Amino acid sequence: MRRRDFVTLLGGAATAWPLAARAQQPMPVIGFLHSQSPEVTDLIRGFRQGLKETGFVEGENLTIEYRWAENQFDRLPMLAADLVRRRVAAIAAFGAPAASAAKAATTTIPIVFQMADNPVRIGLVSSLARPAGNLTGVNFLNAELGGKRLALLRELVPGATRVALLFQPSAGASTEALRRDLEPTARAIGLQTQTIDVETSSDINAAFASFERERPDALFVGTGPFLYARRVQLAQLAARHAIPAIYEGRQFAEVGGLMSYGANVSDSFRQVGGYIGRVLKGTKPADLPVVQVSKLELVINHETARMIGLTVPPSLLGGADEVIE
């Protein structure tokens with residue numbers, strides 16, 4: 001073998017060795033814990049986008065273990081424990097029940113949560129600026145905007161006197177916060193309220209069937225992963241019964257809901273993905289302050305308003321972040 005060929009061979013081997021070593025390194029595995037079902041595909045896209053922005057792509061250099069409770073909240077501790085047994089590098093937990101289950105399952109694996117509840121008030125972190133422990137995340141505050149939503153609904157339907165309130169009790173602290181916020185607001189603006197609790201699609205159908213008898217002037221839809229997952233059903237039934245309704249996020253208006261006010265939930269999923277990426281690169285959760293989503297959006301579906309024969313006040317149209325025509 002000529003000397004030049006020998007040197008070239010050695011150089012090629014030196015280049016191949018580190019490449020081979022990198023190829024043999026296992027991809028990090030993270031857990032994805034959600035109380036609902038895989039129907040929230042639009043939100044998963046936001047989560048993957050956040051991961052991509054920090055250099056991680058599922059299937060290329062990252063594996064995601066998905067765990068769905070299918071609205072059976074009592075399954076969350078078991079699902080969280082399973083992720084811990086699999087020694088995932090981090091857990092993304094969506095909703096307060098999922099975050100609480102993950103926290104109970106491990107004190108060492110980093111957890112990044114996303115929730116509408118105040119994480120300090122429910123004891124998940126010690127403070128927003130310095131969360132301490134192994135948890136941090138994104139708080140989008142939609143559960144604390146109930147009074148504002150009800151006031152917007154009254155502005156939309158100024159002649160309303162009776163409003164139906166649709167709640168998901170299993171959403172826990174989110175629903176309790178709404179109940180507390182809505183009572184004084186309703187009294188202050190002269191509204192009578194009718195509370196209906198729902199946990200299944202059949203419950204939603206029964207609620208709207210009761211509206212045929214009760215005839216509320218408007219509908220307030222609360223927060224919760226189940227209600228979000230059933231947004232198409234809710235929007236279609238509200239349109240069919242010609243009931244003006246307000247919801248927590250733009251995804252409801254985008255599928256035909258009349259009006260929404262709140263944070264962009266899809267963007268909060270993206271922020272969770274970004275935090276998971278930073279944790280995988282070595283940042284401790286305690287060094288990542290809890291993000292509070294400050295940008296709130298008012299979205300009005302003008303097409304739905306015309307369909308149900310409702311004239312939207314110019315003040316609302318002018319103040320909307322987006323009007324869907």
Using the count of nearby Cβ atoms within 10 Å as a rough guide to exposure, how do 275, 247, 66 rank from fewest to most? 66, 275, 247
Contact order relative to length for the chain, counting C-alpha pairs under 8 Å separated by 6 or more residues, stands in percent at 20 percent
Report the gain in length on full extension from residue 85 to residue 292: 0.36 nm times residue separation, minus Cα-Cα distance, nm rounded to one decimal. 71.4 nm
Sorted by chain and number, the residues with a modelled amide H under 5 Å from that of residue 91, at a separation of 5 or more or across chains, are 31, 111, 112
Residue among 216, 289, 184 with the largest mean-square fluctuation in a Gaussian network model of the chain, springs linking Cα atoms under 10 Å: 184
Anisotropy class of segment 33-127 from Cα gyration tensor, a/c 1.5 cut: rounded
Ranking request for peptides 111-124, 169-182: highest mean number of other beta-carbon atoms within 10 Å first, then the rest in descending order. 111-124, 169-182
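Counting only DSSP beta bridges with both residues in the chain, tell me the antiparallel percent, nearest 5.
Working: 4 of 44 bridges.
Counting DSSP beta bridges with both partners in the chain, the antiparallel share is about 10 percent.
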Distance (nanometres) between label positions extended 7 Å along Cα→Cβ at residue 41 and residue 126: 4.4 nm
Taking only Cα atoms, what is the 0 to 90° angle, nearest 10, from helix 201-214's long axis to the longest principal axis of the chain? 20 degrees
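Per-residue counts of other Cβ atoms within 10 Å, averaged by peptide: what ranking do you get for 196-202, 268-274, highest first? Spell out each step's value before the answer.
Numbers: 196-202: 14.9, 268-274: 24.0.
The packing order, highest mean first, is 268-274, 196-202.
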Could you state the angle between the C-alpha long axis of helix 76-85 and the longest principal axis of the C-alpha atoms of the chain, as a value from 0 to 90 degrees rounded to the nearest 10? 10 degrees
Between 251, 192, 233, where does the largest GNM mean-square fluctuation fall for the chain, given springs only between Cα atoms within less than 10 Å? 192
Helix 3-24: inclination vs the chain longest Cα principal axis, degrees, rounded to 10, gives 30 degrees
What order do you get for 297, 248 when you list them from fewest to most C-beta neighbours inside 10 Å? 297, 248
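Which length gain, in nm to one decimal place, applies between residue 179 and residue 233 when the Cα-Cα distance is subtracted from 0.36 nm times their residue separation?
On the way: separation 54, 0.36 × 54 = 19.44 nm, distance 2.31 nm.
Residue separation times 0.36 nm, minus the Cα-Cα distance, leaves 17.1 nm.
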For segment 194-244, what mean projected area does the convex hull of the alpha carbons give, in nm²? 3.2 nm²
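Just so you know, all these numbers are worked out from the coordinates, no wet-lab data involved. Owing to the predicted nature of the structure, the values given are computational and were not obtained by experimental measurement. Cβ atoms come from the backbone with ideal geometry, glycine included; neighbour counts cover every protein chain shown.
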